[in-house]
1. Using alpha carbons only, how many degrees (0 to 90, rounded to 10) separate the axis of helix 152-163 from the longest principal axis of the chain?
2. Which of rounded, prolate, oblate describes the chain, given a ≥ b ≥ c as roots of the alpha-carbon gyration tensor eigenvalues and a/c under 1.5 marking rounded, otherwise prolate only if a/b is larger than b/c?
3. May I ask for the net charge around residue 105, where only other residues with Cβ less than 10 Å from the Cβ of residue 105 are counted and Lys, Arg are +1 while Asp, Glu are -1?
4. Separation of the stretch 21-59 and the stretch 175-201 by C-alpha centroid, Å?
5. What angle, in degrees between 0 and 90 and rounded to the nearest 10, separates the Cα long axis of helix 35-46 from the longest principal axis of the Cα atoms of the chain?
6. Using a cut-off of 11 Å between beta-carbons, work out the net charge of the residues near residue 50 (Lys and Arg +1, Asp and Glu -1, residue 50 not included).
7. Would you mind classifying the stretch 43-82 by shape? Square roots of the alpha carbon gyration tensor eigenvalues, ordered a ≥ b ≥ c; an a/c under 1.5 is rounded, otherwise it is prolate if a/b is larger than b/c and oblate if not.
8. State in Å² the accessible area per residue of the stretch 50-153; use a 1.4 Å probe, count heavy atoms of protein chains only, and round to the nearest integer.
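The values are calculated or read from the model by the stated rules, or taken from the named source; none is laboratory data. From a predicted model like this one, the values you see are computed outputs, not experimental measurements. A quick note on method: Cβ atoms are made from the backbone with ideal geometry, for glycine too, and the neighbour counts reach across all protein chains shown. Heads up: the accessible areas ignore ligands, DNA and RNA and are worked out on the full protein's heavy atoms, side chains in. Shrake-Rupley method; radii C 1.70, N 1.55, O 1.52, S 1.80 Å.
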Amino acid sequence: FQPKRLRGRRVLITAGPTFEAIDPVRGITNHSSGKMGFAIARAAQEAGAEVTLVAGPVHLPTPRHVHRINVQSARQMHAAVLPLATVHDVFIATAAVADWRPAELADEKIKKDGTGQVPSLALVENPDILAAVAALPDRPYCVGFAAESHDLLRHATAKRLRKNVPLLVANIGPATFGQDTNALMLVDDQGHTELPQAHKLTLARALVAELARRLAP
Ligand code: C5P
(Lines give C-alpha, C1' and ligand atoms only; values in the text may rest on other atoms or scores of the structure.)
Protein backbone atom coordinates (compact mmCIF):
# COMPACT_ATOMS: atom_id res chain seq x y z
CA PHE A 1 0.00 0.00 0.00
CA GLN A 2 1.37 3.37 -1.07
CA PRO A 3 -0.25 6.41 0.58
CA LYS A 4 -0.96 9.19 -1.96
CA ARG A 5 1.36 11.64 -0.26
CA LEU A 6 1.92 13.74 -3.38
CA ARG A 7 -1.70 14.03 -4.50
CA GLY A 8 -2.27 17.39 -6.18
CA ARG A 9 1.46 18.01 -6.68
CA ARG A 10 3.17 18.35 -10.04
CA VAL A 11 6.65 16.89 -10.33
CA LEU A 12 9.12 17.52 -13.17
CA ILE A 13 12.09 15.16 -13.56
CA THR A 14 15.06 15.00 -15.93
CA ALA A 15 16.68 11.62 -16.52
CA GLY A 16 19.28 9.82 -18.58
CA PRO A 17 22.28 11.13 -20.48
CA THR A 18 22.32 13.78 -23.17
CA PHE A 19 23.73 13.22 -26.65
CA GLU A 20 25.75 16.03 -28.19
CA ALA A 21 26.10 15.54 -31.93
CA ILE A 22 29.46 15.99 -33.66
CA ASP A 23 28.17 15.13 -37.13
CA PRO A 24 25.15 13.15 -38.44
CA VAL A 25 26.57 9.83 -37.20
CA ARG A 26 28.70 10.66 -34.13
CA GLY A 27 28.28 12.33 -30.80
CA ILE A 28 29.38 12.72 -27.18
CA THR A 29 27.36 11.00 -24.48
CA ASN A 30 27.83 9.10 -21.19
CA HIS A 31 26.80 5.87 -19.47
CA SER A 32 23.79 7.18 -17.55
CA SER A 33 21.03 4.55 -17.81
CA GLY A 34 18.20 6.80 -16.61
CA LYS A 35 17.10 4.12 -14.12
CA MET A 36 17.15 6.35 -11.03
CA GLY A 37 15.15 9.14 -12.68
CA PHE A 38 12.62 6.71 -14.14
CA ALA A 39 12.24 5.05 -10.72
CA ILE A 40 11.59 8.45 -9.13
CA ALA A 41 9.01 9.23 -11.83
CA ARG A 42 7.24 5.96 -11.09
CA ALA A 43 7.38 6.47 -7.31
CA ALA A 44 6.07 10.05 -7.56
CA GLN A 45 3.21 8.94 -9.82
CA GLU A 46 2.34 6.11 -7.42
CA ALA A 47 2.27 8.70 -4.64
CA GLY A 48 -0.42 10.61 -6.53
CA ALA A 49 1.66 13.27 -8.29
CA GLU A 50 1.19 14.43 -11.86
CA VAL A 51 4.60 13.63 -13.33
CA THR A 52 6.46 15.02 -16.35
CA LEU A 53 9.64 13.18 -17.28
CA VAL A 54 12.11 14.82 -19.67
CA ALA A 55 14.32 11.97 -20.85
CA GLY A 56 17.55 11.85 -22.79
CA PRO A 57 18.23 8.84 -25.04
CA VAL A 58 17.61 5.77 -22.85
CA HIS A 59 16.14 2.32 -23.38
CA LEU A 60 13.51 2.29 -20.68
CA PRO A 61 9.72 1.97 -20.80
CA THR A 62 7.71 5.00 -19.69
CA PRO A 63 6.24 4.48 -16.20
CA ARG A 64 2.42 4.27 -16.17
CA HIS A 65 0.55 7.59 -16.36
CA VAL A 66 3.79 9.57 -16.64
CA HIS A 67 3.99 12.27 -19.32
CA ARG A 68 7.30 11.72 -21.12
CA ILE A 69 9.16 14.18 -23.35
CA ASN A 70 12.14 12.77 -25.25
CA VAL A 71 15.15 14.95 -25.98
CA GLN A 72 18.68 14.38 -27.23
CA SER A 73 20.92 17.31 -26.35
CA ALA A 74 21.43 19.44 -23.24
CA ARG A 75 20.06 22.45 -25.08
CA GLN A 76 16.91 20.53 -26.03
CA MET A 77 16.55 19.39 -22.41
CA HIS A 78 17.00 22.99 -21.22
CA ALA A 79 14.42 24.24 -23.75
CA ALA A 80 11.92 21.55 -22.70
CA VAL A 81 12.38 22.06 -18.95
CA LEU A 82 12.45 25.84 -18.52
CA PRO A 83 8.89 26.68 -19.63
CA LEU A 84 7.54 23.74 -17.57
CA ALA A 85 9.48 24.47 -14.39
CA THR A 86 7.22 27.17 -12.97
CA VAL A 87 4.06 25.10 -13.44
CA HIS A 88 5.50 22.29 -11.33
CA ASP A 89 5.86 22.13 -7.53
CA VAL A 90 9.02 20.04 -7.57
CA PHE A 91 11.95 19.75 -9.99
CA ILE A 92 14.24 16.74 -9.64
CA ALA A 93 17.37 16.83 -11.83
CA THR A 94 18.69 13.30 -12.15
CA ALA A 95 19.93 13.66 -15.74
CA ALA A 96 23.65 13.29 -16.43
CA VAL A 97 23.80 16.36 -18.66
CA ALA A 98 26.92 16.67 -20.82
CA ASP A 99 28.99 19.57 -19.56
CA TRP A 100 30.17 20.48 -23.08
CA ARG A 101 29.03 20.11 -26.67
CA PRO A 102 30.91 20.45 -29.94
CA ALA A 103 31.13 24.13 -30.89
CA GLU A 104 30.01 23.24 -34.40
CA LEU A 105 27.81 20.53 -35.81
CA ALA A 106 29.11 19.21 -39.14
CA ASP A 107 26.28 18.78 -41.68
CA GLU A 108 28.01 15.79 -43.24
CA LYS A 109 29.94 12.88 -41.77
CA ILE A 110 33.52 13.98 -41.08
CA LYS A 111 35.70 11.80 -43.33
CA LYS A 112 39.19 10.43 -42.79
CA ASP A 113 41.35 12.09 -45.41
CA GLY A 114 43.90 9.25 -45.58
CA THR A 115 46.86 11.37 -44.47
CA GLY A 116 46.62 10.41 -40.80
CA GLN A 117 45.50 13.94 -39.88
CA VAL A 118 42.96 14.01 -37.06
CA PRO A 119 40.25 16.64 -36.78
CA SER A 120 40.23 18.77 -33.64
CA LEU A 121 37.03 19.15 -31.72
CA ALA A 122 36.32 22.53 -30.15
CA LEU A 123 33.85 22.37 -27.25
CA VAL A 124 31.56 24.94 -25.66
CA GLU A 125 29.82 24.76 -22.30
CA ASN A 126 26.22 23.60 -22.06
CA PRO A 127 23.58 25.46 -20.02
CA ASP A 128 23.22 24.27 -16.41
CA ILE A 129 19.54 23.29 -16.34
CA LEU A 130 19.27 22.82 -12.58
CA ALA A 131 20.97 26.14 -11.81
CA ALA A 132 18.70 27.88 -14.36
CA VAL A 133 15.54 26.46 -12.74
CA ALA A 134 16.82 27.23 -9.24
CA ALA A 135 17.38 30.86 -10.31
CA LEU A 136 13.74 31.37 -11.41
CA PRO A 137 11.87 33.80 -9.14
CA ASP A 138 8.86 31.45 -9.08
CA ARG A 139 10.92 28.30 -8.74
CA PRO A 140 9.70 24.86 -7.77
CA TYR A 141 11.29 22.92 -4.88
CA CYS A 142 14.58 21.88 -6.51
CA VAL A 143 16.45 18.64 -5.95
CA GLY A 144 19.91 18.08 -7.43
CA PHE A 145 21.87 14.87 -7.83
CA ALA A 146 25.61 14.37 -7.60
CA ALA A 147 28.00 11.60 -8.44
CA GLU A 148 31.31 12.12 -6.66
CA SER A 149 34.29 9.84 -6.52
CA HIS A 150 35.74 11.08 -3.21
CA ASP A 151 35.05 13.48 -0.32
CA LEU A 152 31.37 12.93 -0.93
CA LEU A 153 29.88 15.08 1.82
CA ARG A 154 32.19 18.04 1.23
CA HIS A 155 31.60 18.06 -2.52
CA ALA A 156 27.87 17.45 -2.18
CA THR A 157 27.55 20.31 0.29
CA ALA A 158 29.52 22.64 -1.98
CA LYS A 159 27.41 21.60 -4.98
CA ARG A 160 24.17 22.22 -3.09
CA LEU A 161 25.26 25.76 -2.27
CA ARG A 162 26.65 26.44 -5.74
CA LYS A 163 23.46 25.31 -7.46
CA ASN A 164 21.39 27.07 -4.77
CA VAL A 165 19.03 24.12 -4.15
CA PRO A 166 17.46 23.07 -0.83
CA LEU A 167 18.21 19.37 -1.30
CA LEU A 168 21.09 17.57 -2.96
CA VAL A 169 21.16 13.79 -3.31
CA ALA A 170 24.56 12.17 -3.68
CA ASN A 171 25.12 8.70 -5.08
CA ILE A 172 27.16 6.82 -2.52
CA GLY A 173 29.85 4.51 -3.72
CA PRO A 174 31.50 3.94 -7.07
CA ALA A 175 29.87 3.89 -10.52
CA THR A 176 26.16 3.34 -10.03
CA PHE A 177 25.60 3.91 -13.75
CA GLY A 178 23.41 1.12 -15.09
CA GLN A 179 23.09 -0.73 -11.78
CA ASP A 180 19.72 -1.66 -10.29
CA THR A 181 20.75 -0.73 -6.77
CA ASN A 182 22.28 2.35 -5.22
CA ALA A 183 22.78 4.06 -1.88
CA LEU A 184 22.06 7.74 -1.41
CA MET A 185 23.09 10.58 0.86
CA LEU A 186 20.60 13.44 1.30
CA VAL A 187 22.26 16.77 2.00
CA ASP A 188 20.33 19.85 3.11
CA ASP A 189 20.90 22.90 5.31
CA GLN A 190 20.41 20.78 8.43
CA GLY A 191 23.07 18.20 7.61
CA HIS A 192 22.91 14.83 5.95
CA THR A 193 21.11 11.50 6.17
CA GLU A 194 21.75 8.23 4.36
CA LEU A 195 19.45 5.86 2.52
CA PRO A 196 21.29 2.52 2.60
CA GLN A 197 21.92 0.28 -0.42
CA ALA A 198 18.62 -0.80 -1.96
CA HIS A 199 16.84 -1.26 -5.28
CA LYS A 200 16.46 2.07 -7.08
CA LEU A 201 12.66 1.89 -6.84
CA THR A 202 12.91 1.41 -3.06
CA LEU A 203 15.20 4.43 -2.82
CA ALA A 204 12.92 6.42 -5.11
CA ARG A 205 9.92 5.70 -2.85
CA ALA A 206 11.91 6.78 0.21
CA LEU A 207 12.97 9.98 -1.54
CA VAL A 208 9.37 10.69 -2.57
CA ALA A 209 8.19 10.18 1.02
CA GLU A 210 10.90 12.59 2.15
CA LEU A 211 9.80 15.17 -0.44
CA ALA A 212 6.19 14.85 0.65
CA ARG A 213 7.26 15.63 4.24
CA ARG A 214 9.19 18.67 3.05
CA LEU A 215 6.29 19.99 0.95
CA ALA A 216 3.67 19.42 3.64
CA PRO A 217 2.20 22.74 4.81
O1 C5P B 1 27.54 20.14 -11.88
P2 C5P B 1 27.12 18.71 -11.88
O3 C5P B 1 26.89 18.17 -13.26
O4 C5P B 1 27.96 17.80 -11.07
O5 C5P B 1 25.70 18.75 -11.15
C6 C5P B 1 24.85 17.68 -11.11
C7 C5P B 1 23.41 18.14 -10.95
O8 C5P B 1 23.12 19.24 -11.83
C9 C5P B 1 22.45 17.07 -11.36
O10 C5P B 1 21.26 17.27 -10.63
C11 C5P B 1 22.25 17.34 -12.85
O12 C5P B 1 21.04 16.80 -13.34
C13 C5P B 1 22.25 18.85 -12.88
N14 C5P B 1 22.79 19.44 -14.12
C15 C5P B 1 21.95 20.11 -15.00
N16 C5P B 1 22.45 20.71 -16.12
C17 C5P B 1 23.78 20.62 -16.40
C18 C5P B 1 24.64 19.93 -15.53
C19 C5P B 1 24.11 19.34 -14.40
O20 C5P B 1 20.73 20.19 -14.74
N21 C5P B 1 24.26 21.20 -17.51
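1. Taking Cα atoms only, the helix is inclined about 80 degrees.
2. prolate
3. On the way: positive: 101; negative: 20, 23, 104, 107.
Net local charge, residue 105 excluded: -3.
4. With the stretch 21-59 and the stretch 175-201 each reduced to a Cα centre, they are spaced 18 Å.
5. 40
6. Details: positive: 7, 9, 10; negative: 89.
Within the 11 Å Cβ shell, the charges total +2.
7. Working: a/c = 3.42, a/b = 1.66, b/c = 2.07.
Oblate is the answer for the stretch 43-82, as a/c is 1.5 or above yet b/c matches or exceeds a/b.
8. 60
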